[in-house]
1. Suppose every K and R has +1 on its Cβ and every D and E has -1 on its Cβ; what is the size of the dipole of chain B about the Cα centre, in Debye to the nearest 20?
2. R0 = 25 Å: FRET efficiency of B:Asp63 with B:Gln102, Cβ-based, nearest 0.05?
3. Of A:Ile128, A:Ile15, A:Ile200, which has the largest mean-square fluctuation in a 10 Å C-alpha GNM of chain A?
4. Would you be so kind as to identify which of A:Gly41, A:Cys71, A:Phe136 lies farthest towards the positive end of the dipole of chain A, taking Lys and Arg as +1 and Asp and Glu as -1 on Cβ and the Cα centre as origin?
5. Does a label point 7 Å from the Cα of A:Thr166, set along Cα-to-beta-carbon, have any residues of region A:44-80 with amide nitrogen under 19 Å, and which are they?
6. Within the set of other residues whose C-beta is less than 11 Å from the C-beta of B:Phe182, count the net charge using Lys and Arg as +1 and Asp and Glu as -1.
7. How big is region B:62-208 by Rg and Dmax over its Cα atoms, in Å?
8. Among the GluC sites (Glu not before Pro) in region B:1-74, which ones are in a DSSP loop with at most 15 other Cβ atoms within 10 Å of the Cβ? Mind listing them?
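The values are calculated or read from the model by the stated rules, or taken from the named source; none is laboratory data. What you see is a predicted model, and the numbers here were worked out from it, not measured in a lab. Glycine also receives a Cβ, built like all others from the backbone with ideal geometry; neighbour counts cover every protein chain displayed. Heavy atoms of the whole protein, side chains included, go into the accessibility calculation; ligands, DNA and RNA do not. Shrake-Rupley method; radii C 1.70, N 1.55, O 1.52, S 1.80 Å.
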Amino acid sequence: MQVRTEPRIVRYVLITIALVFFGLFLVLPLVCVFQNALSKGWVVYFDALRHPDALAAMKMTMITALIVVPCNLIFGVAAAWAVSKFDFKGKNLLLSFIDLPLSVSPVIAGLIFILLFGAQGVLGPWLIAHNIRIVFAWPGIILATIFVTVPMVARELIPIMKSQGTEEEEAALTLGASGWKTFWMVSIPNIRWGILYGVILCNARAMGEFGAVSVVSGHIRGLTNTMPLHVEILYNEYQSAAAFAVASILAMLAIVTLIAKSIVEANIRQGQK
Amino acid sequence: MSIEVRNIHKKFGEFQALVDLSLKIETGELLALLGPSGCGKTTLLRIVAGLDFADQGQVFFGDQDAQNQKASERGVGFVFQHYALFRHMTVFDNIAFGMNVQPKKVRPSREEIRKKVMELLKLVQLEWLANRYPWQLSGGQRQRIALARALAVRPRVLLLDEPFGSLDAQVRKELRLWLRRFHDESHITTLFVTHDQEEALEVADRIVVMNQGRIEQMGTPEDVYHNPVNAFVLNFLGNVNFFHCRLVEGKAIIGDTVLDVPGLSVDKPHPAKLYVRPNQFKLSRYAGKGTALKATVEYVNPAGTVVKVNLKTETGELIHAEISQEEYKHLKIVKTEQVFVSLKDVTYSEHLKNNP
């Protein structure tokens with residue numbers, strides 16, 4: 001039996017507010033993206049996606065995600081492992097550092113790398129002397145993206161690992177398992193859904209990041225453009241159909257992410273029973 | 001395999017968990033570490049298992065110093081209070097884990113592992129649960145699986161940390177009888193930690209009573225129960241009443257009353273605290289030969305193997321007594337009636353320096 005404490009009118013008002021808000025701010029924009037993308041027909045839509053600059057931007061975005069996600073996966077698992085299973089000095093400092101990118105504007109994150117690696121930056125002269133390009137090239141994009149996505153995996157895992165404690169690992173040790181085997185056979189399987197969840201979020205952020213990447217990329221078409229940057233360039237050049245066509249790809253990525261996220265969330269809840 | 005710990009010291013920050021503790025557990029013995037929470041008993045068990053390390057002191061398995069042996073090399077079966085079953089594995093895989101992680105050269109074949117797991121499931125009487133996951137089992141079932149898992153690696157010693165602590169009373173009783181029977185058949189050296197005196201008294205060959213990181217007393221259950229060496233052990237092992245009194249040869253003076261205390265010899269009169277177990281009181285309707293304390297019955301509960309009687313003396317002291325059902329039938333006491341209380345025996349008397 002369902003227990004109802006609120007009068008019917010209150011429930012309907014609340015539901016209506018939520019639905020209207022959801023429709024206005026989430027569904028409508030999404031519909032607009034696809035409508036604008038197809039406003040000049042399928043031919044223009046596919047041409048925009050097949051344009052060499054668009055393909056280069058997609059490739060850049062893919063490469064970024066392919067490097068950033070594994071880096072953050074390893075860092076995230078290691079950091080979460082350290083923070084949740086061990087006590088050490090500076091633990092709170094590490095936790096604050098993990099959260100730092102969430103409280104710093106992405107533009108500032110990008111600027112940090114310019115100040116470090118740019119021509120006028122701290123390491124700039126040395127890099128120029130050795131002919132290494134970081135800012136306005138792909139390494140800068142990757143560094144900036146790693147910076148903004150650092151918390152994504154670790155923050156997912158820390159609460160899960162904390163609540164699980166260390167008893168299962170200890171049990172595995174007394175049963176003769178080495179530390180390595182304990183890690184792969186007990187610790188990792190216990191957090192597998194948390195890892196997947198973190199990776200999905202991390203990937204979405206890595207592919208969608210605009211601010212930090214915009215500062216360090218230099219917007220060189222066909223070379224250092226990612227998809228979000230490409231959308232902006234096209235839009236500024238009044239090619240709105242093409243801009244929305246590329247944007248629609250990002251929107252689809254978002255939808256896929258949402259679906260994957262809810263499936264994984266359901267599995268995490270199942271696993272915690 | 002015997003276990004010996006020598007002069008163990010352990011500190012957690014400022015907290016002194018174990019103080020110069022030495023103890024030997026003989027081969028084939030079932031020994032209970034009994035004490036209140038925070039007394040260091042679990043820490044000692046974890047040090048034996050290699051899950052924690054002493055600041056000073058040594059651990060021996062037989063003649064072998066375990067100093068450089070990791071937890072995974074000590075050959076101990078460890079059972080946790082909260083089971084610590086691998087949540088993502090079936091019951092079968094949980095039990096097989098210890099064999100599956102062995103190096104390829106010594107690992108039994110799949111068929112051998114399967115046979116061994118089924119054998120252990122039969123031992124704990126849960127064959128039908130092989131394909132379930134831990135979250136599908138009850139607490140008692142989980143703990144039996146945890147025991148089977150610990151036994152699968154043929155441990156040299158079995159270490160149990162409050163194994164029945166999170167189970168309800170009925171299951172707890174069943175499991176500790178099972179453990180006793182299992183030990184009688186397997187004779188595996190077993191060290192088990194508990195804060196439940198009843199559990200320790202019922203199951204163990206020998207009890208070590210601990211308090212604040214030290215051993216207070218060691219002995220058979222009978223020994224520690226009947227001949228406690230100090231007030232702490234006495235208080236910890238069962239209910240007890242105490243009286244401030246003055247002791248003279250064979251007698252205790254409580255207030256204005258002089259009570260006979262059988263079997264008590266005193267060199268010279270001194271003030272004391274007298275400890276009396278609930279079953280060491282004699283109640284009667286009439287003042288007998290000796291003198292007795294006058295008391296009013298405040299509460300009678302005949303539901304049980306013994307009859308519990310709460311009394312209040314004239315001076316306002318409360319007495320918790322237990323009498324047999326026969327005595328109760330004979331006395332027929334009810335609430336608010338007056339009775340005379342004398343002593344059949346005392347458990348322990350503590351010499352006090354000053355007059356109470």
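1. Numbers: 46 positive and 42 negative charges, 187 e Å.
Roughly 900 debye for chain B.
2. Values: r = 25 Å, r/R0 = 1.00.
Given R0 = 25 Å and the Cβ-Cβ separation, E is 0.50.
3. Answer for the Gaussian network model of chain A: A:Ile15.
4. Final value for the positive-end residue is A:Gly41.
5. Residues A:77-80 qualify, since their backbone N sits under 19 Å from the label point.
6. Numbers: positive: B:Arg144, B:Arg176, B:Arg180, B:Arg181; negative: B:Asp184, B:Glu185.
Net local charge, B:Phe182 excluded: +2.
7. Just the Cα atoms of region B:62-208 yield Rg and Dmax of 15.4, 45 Å.
8. Working: sites: B:Glu4, B:Glu14, B:Glu26, B:Glu29, B:Glu73; in loops: B:Glu14, B:Glu26, B:Glu29.
Qualifying residues, ordered by number: B:Glu14, B:Glu26.
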